[in-house]
Amino acid sequence: MTQTVKDGALTSAVYAPPAASPKRWWILAIIAIAQLMVVLDATIVNIALPSAQADLGFSDANRQWIVTAYALAFASLLLLGGRTADLFGRKPAFLVGVVGFAAASALGGAATGFGMLVTARALQGAFGALLAPAALSLLNTTFTDARERARAFSVYGAIAGAGGAVGLLLGGVLTDALDWRWTLYVNVAIAVVAFAGGWILLGNHRDAANSKLDVPGTVLVAGGLFSLVYGFSNAESHHWGSPLTWGYLAAGGLLLAAFAWWQTRAAHPLLPVRVLLDRDRGSSFVAVLITGAGMFGVFLFLTYYLQLNLGFSPTKTGVAFLPMVGALMVTAQLGTTVLLPRIGPKTVIPLGFAIATVGMAWLTGIGLGSHYASAVLPQLIVIGVGLGLVMPTAMQLATGGVAPEDAGVASATVNAMQQVGGSIGTALLNTLAASAATDYLAGRNPADRAARAQATIESYTTAFWWSAGLFAVGAVVAFLLYRRGTPQPGPGDAPVVHM
């Protein structure tokens with residue numbers, strides 16, 4: 001309802017929101033395809049790494065950079081990508097991101113050496129940093145009805161949470177059936193569909209067209225995120241006392257502190273403080289960070305256990321994760337469309353973390369003689385139920401309620417939290433797992449095959465216990481930080497659709 005004064009009389013006019021776009025569900029499908037492409041590449045190459053290493057002949061020491069190059073570029077450029085979408089339009093950002101990602105994937109698939117493959121992976125990360133926030137902000141501005149937005153975010157959140165497991169499955173199938181190069185070439189086929197759909201369905205609107213790019217802020221946050229991810233990545237190959245680890249972590253912390261200070265003074269801040277001030281949104285950023293760190297324990301170490309201890313093939317390993325994906329997708333719908341509007345995030349998200357904690361703790365019961373059906377499958381379903389309540393709900397709250405001109409940067413912050421969380425989980429859990437294996441072998445004959453096999457089990461279960469601990473911390477933090485009650489509409493929930 002709006003009121004106006006005409007000829008001295010106060011009159012009222014009913015504000016009629018614009019009709020929802022009839023193309024919105026097709027747009028969701030295109031956004032989901034593009035997001036799946038980005039999320040897949042965080043894990044799809046992992047299963048193909050042994051084959052790629054044998055083909056290209058790079059060393060074990062260099063192997064980690066095939067994964068790290070992607071993470072470094074993606075994490076450090078996310079906020080720039082999100083602001084670029086706000087400034088220059090989400091449709092061109094989406095389309096350029098899709099084309100660039102496909103071209104980088106084709107370059108990686110055709111790699112003739114280690115350097116070419118690493119360069120391609122870094123380019124994938126850079127274009128992914130443009131594509132991911134554009135896709136999420138398009139979702140945020142396309143769906144304006146609260147109930148429909150909840151459904152859309154349940155789909156998007158399920159893809160974000162389960163995409164890693166789908167990547168393991170697809171990577172295994174392609175490596176077994178064709179060649180490791182097809183784990184990269186497959187992105188070209190996905191990108192054709194995403195580009196065609198985006199070109200036809202998306203309209204363009206620049207909500208922050210009158211703003212300017214915050215160059216100092218961009219340099220500070222890109223350098224800070226790069227240093228942070230690089231420092232945690234070095235903890236895998238070096239040790240925590242190495243200057244390449246703590247030095248970069250310290251530099252990253254200082255640069256991010258300088259970035260936070262600058263954002264309070266910049267005329268056109270890259271990450272406006274208003275985006276972070278909402279209590280539920282800030283809590284959701286933390287929830288996504290913790291989820292990203294804890295989920296690593298499921299995907300990486302359970303992949304090793306299934307293949308090395310239970311003798312699963314890459315394809316069978318991917319299939320083994322599907323029950324978790326199914327559980328996650330079902331509870332994603334339940335959490336965002338039913339529970340969140342009725343009981344609020346202060347109950348839903350801590351409950352999800354608590355369920356995931358139980359599942360991870362239960363998973364520590366694996367042993368050398370365990371069977372998938374009894375020692376892995378039920379636990380994966382429980383973990384999927386828990387994560388399905390956390391990830392889509394947190395993503396919806398983190399991006400809902402922002403002003404349209406901030407949709408891109410809010411979306412980029414969500415992706416950055418997930419990526420940095422994954423990097424922290426990679427370093428922390430790998431280090432703890434390696435220490436557990438070393439401690440177990442102390443005083444035992446390292447040539448004893450049984451002792452070595454049990455040492456690997458100790459390393460896996462240690463990682464699972466720490467992942468359970470991370471989820472437990474998430475439950476406590478979420479309960480303390482989130483507001484009571486159900487979410488209330490904010491400025492970004494106003495009925496504005498740009499098509």
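The values are calculated or read from the model by the stated rules, or taken from the named source; none is laboratory data. Nothing here was measured: the structure is a model prediction, and the numbers come from that model. Cβ coordinates were reconstructed from backbone atoms using ideal geometry, including for glycine residues, and neighbour counts include every protein chain displayed. Only protein heavy atoms, including side chains, enter the accessible area calculation; ligands, DNA and RNA are left aside. Shrake-Rupley method; radii C 1.70, N 1.55, O 1.52, S 1.80 Å.
Using alpha carbons only, how many angstrom separate the centre of region 215-269 from the centre of region 295-337?
So the two Cα centres are separated by 32 Å.
With a sphere of radius 10 Å drawn around the Cβ of Leu201, what net charge do the other residues whose Cβ falls strictly inside it have (Lys, Arg +1; Asp, Glu -1)?
+3
Which percent of the accessible heavy-atom area of region 348-412 goes to carbon and sulfur, probe 1.4 angstrom?
Details: 1150 of 1540 Å².
For region 348-412, the apolar C and S fraction of the accessible surface comes to 75 percent.
Starting from 0.36 nm per residue, how many nanometres of slack lie between Arg444 and Ala260 once their C-alpha separation is accounted for? Don't skip to the answer; put the middle values down first.
Values: separation 184, 0.36 × 184 = 66.24 nm, distance 5.03 nm.
Full extension of this stretch gives 61.2 nm more.
How much solvent-accessible surface does Phe312 expose, in Å² to the nearest 10, with a 1.4 Å probe and all protein chains in place?
Only protein atoms counted, so the area is about 30 Å².
Specify whether the C-alpha gyration tensor of region 275-370 places it in the rounded, prolate or oblate class, a ≥ b ≥ c being the square roots of the eigenvalues: rounded for a/c under 1.5, otherwise prolate if a/b is larger than b/c and oblate if not.
Details: a/c = 2.49, a/b = 2.13, b/c = 1.17.
It comes out prolate by the Cα gyration axes.
Grab the other residues whose beta carbon is less than 11 angstrom from that of Arg483, score K and R as +1, D and E as -1, and report the net.
Charge balance near Arg483 sits at +2.
So what are the ³J(HN,Hα) numbers for region 87-103, from phi and the Karplus equation (6.51, -1.76, 1.60; θ = phi - 60°), rounded to whole Hz, Gly and Pro as x?
Residue by residue, region 87-103 yields 7, 10, x, 6, 5, x, 5, 4, 5, 4, x, 5, 5, x, 5, 5, 5 Hz.
Stretch Ile200-Val273 to full length: gain in nm at 0.36 nm per residue minus the Cα-Cα span?
Numbers: separation 73, 0.36 × 73 = 26.28 nm, distance 3.50 nm.
So the extension gain works out to 22.8 nm.
Taking 30 Å as R0, compute the FRET efficiency from the Cβ-Cβ separation of Lys212 and Leu322 and round it to 0.05.
My answer for the efficiency is 0.05.
Once the whole set of protein chains is in place, how much accessible area is left on Phe259, using a 1.4 Å probe, in Å² to the nearest 10?
The value for Phe259 is about 20 Å².
Which of rounded, prolate, oblate describes region 182-294, given a ≥ b ≥ c as roots of the alpha-carbon gyration tensor eigenvalues and a/c under 1.5 marking rounded, otherwise prolate only if a/b is larger than b/c?
Cα axes put region 182-294 in the oblate bin.
For Trp180, tell me the accessible area in Å² from a 1.4 Å probe, rounded to the nearest 10.
10
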